Amino acid sequence: MTQTTTFNRQIQLASRPVGAPTPANFHLATSSVPSAEPGQVLLRTVFLSLDPYMRGRMSDAASYAASVAIGATMVGATVCRVETSQHAGFVAGDWVLAYTGWQDYAVSDGTGLTKLDPVLSRPSYALGVLGMPGFTAYMGLLDIGAPKAGETVVVAAATGAVGSVVGQIAKLKGCRVVGIAGGARKCAAAVEELGFDACVDHHSPALATLLAAACPAGIDVYFENVGGKVFDAVLPLLNTSARVPVCGLIANYNATQLPEGPDRSALLMRTLLTKRIRMQGFIIFDDYGHRYPEFARDMGQWLTQGKIKFREDIVDGLENAPQAFIGMLEGKNFGKLIVRVAKD
Ligand SMILES: NC(=O)c1ccc[n+]([C@@H]2O[C@H](COP(=O)([O-])OP(=O)(O)OC[C@H]3O[C@@H](n4cnc5c(N)ncnc54)[C@H](OP(=O)(O)O)[C@@H]3O)[C@@H](O)[C@H]2O)c1
């Protein structure tokens, strides 16, 4: 069933996943379209962003943000059209960035809505390169990574929403950039389309050797998106005074327990100590929300000048969101994963 003007489809959390999510963890519910009261707008979802952090929201483990309750609609950022308005600040037809989740329609009193430029060539960019993932790449790399020209920057999930932008900004800053990505097709795109100096396939059993060969002068900045065996390959190559912005650990998101094997925390601590490495986690809007304008200015210019390229992986149909999300956690997306909930 596609988007209609009669029904509101909502994808709800049916149960909490144990390990990797499955389609059974989601439930497609249908209700009538809500109507806007005075002071409110009715929003119609056109694009829905699918992001790795949503795996954390499906869990009830303590985290920096609240879990989605069982039976509640999955949360998520959206780009919507204002369908009807009884709010002085909006008119029907406005594009807005919202946080209305995995559903066709939502009513809002305007809180948290950002009006988008009506002539924006790609409104979906507000969910990607001009939105949260692009902002994450920009602040994590420039503020924590602090790359200097000539240094070697390594980034994992290199063709994804965050990683692709990290690598391109590092190139703009004059660095040698090495990506780590899943498969030959993604690695070729990192070099040929995004302009990275090299890219290594993390599925290769020779990952550590290939990464060492791609980083003959060691690693000065490692932008951590993944963790797991990718971090194991990076750790011995980190230079003295290296910086490690810890952005995400997607390799562990479906884990139900700590990895087996010897406790390697002593190895990590010794490396941090002897090489005086700075490793810092960050949560983008909590830590850097006040710096969004400087990002928007720089990224807007880079895009206009053709200095940053951005690939979107667009999946049609709200009903396909669960499978697309499950696939993202397996590396099936190629670029920023977005659901086109309806044609505009
Ligand atoms: N701290 C923050 O505020 C913040 C904000 C946004 C995002 N993040 C984090 O940034 C990271 C990237 O997010 P994104 O939105 O840009 O996603 P993305 O890179 O567009 O998509 C996720 C990618 O992760 C890789 N991946 C998945 N499982 C993996 C595994 N087991 N081992 C290695 N790679 C794996 C896959 O790429 P390959 O096929 O190339 O492996 C997959 O395509 C995530 O960890 C996310 O949680 C953090």
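Before moving on, here are some points about what is shown:
- Dipole moment magnitude, nearest 20 debye, the chain about Cα centre, only Lys, Arg, Asp, Glu C-beta charged: 660
- Calculated P(r) tail over 21 Å for region 225-302, as whole % of Cα pairs: 45
- A Cβ-based charge dipole, computed about the Cα centre of region 132-202 with Lys and Arg at +1 and Asp and Glu at -1, lands at about 60 debye.
- When peptides 207-218, 58-69 are ranked by their average number of other Cβ atoms within 10 Å per residue, the highest-first order is 207-218, 58-69.
- Rounded to whole Å, the principal axis extents of the Cα atoms in region 84-173 read 55, 24, 23, largest first.
- Placing dummy labels 7 Å off each Cα toward the beta-carbon, the span from Ser31 to Ala184 is 5.0 nm.
- Positive-pole candidate from Gly195, Ser241, Gly317, dipole of region 188-329, charges at beta carbon: Ser241
- Most positive-pole-ward Cα, Val79, Ser108, Thr304, against dipole of the chain from beta carbon charges: Thr304
- Square roots of 5 times each gyration tensor eigenvalue, C-alpha, the chain, largest first, Å: 36, 23, 17
- The packing ranking, built from the mean of other Cβ atoms within 10 Å per residue, places the peptides 150-162, 5-17 in the order 150-162, 5-17, highest first.
- Proximal charge balance of Thr256 [Cβ under 13 Å; K/R count +1, D/E count -1]: +1
- Screening the chain for whole DSSP H helices of 30 Å or more along their axis (Cα) with average Kyte-Doolittle hydropathy at least 1.0 returns none.
- Dipole of the chain computed with +1 at Lys/Arg Cβ and -1 at Asp/Glu Cβ about the Cα centre; of Pro52, Leu120, Val155, farthest Cα towards the positive end is Val155.
- Region 167-241 versus region 5-56: alpha-carbon centroid distance in Å: 36
- Gain in span if fully extended, Thr111 to Tyr64, counting 0.36 nm per residue against the direct Cα distance: 14.8 nm
- Full extension of the chain between Asp263 and Arg122 yields a length gain of 46.0 nm, computed as 0.36 nm times the residue separation minus the alpha carbon distance.
- Beta bridges assigned by DSSP with both partners in the chain are antiparallel in approximately 55 percent of cases.
- Overall, region 86-196 carries a charge dipole of about 460 debye about its Cα centre when +1 sits on the Cβ of Lys and Arg and -1 on the Cβ of Asp and Glu, all other atoms neutral.
Values quoted throughout were computed directly from the atomic coordinates according to the rules given, and no laboratory measurement underlies them. Keep in mind it's a predicted model, so treat the numbers as computed, not measured. For neighbour counting, all protein chains shown are included, and Cβ atoms are generated from backbone atoms with ideal geometry for every residue, glycine included.
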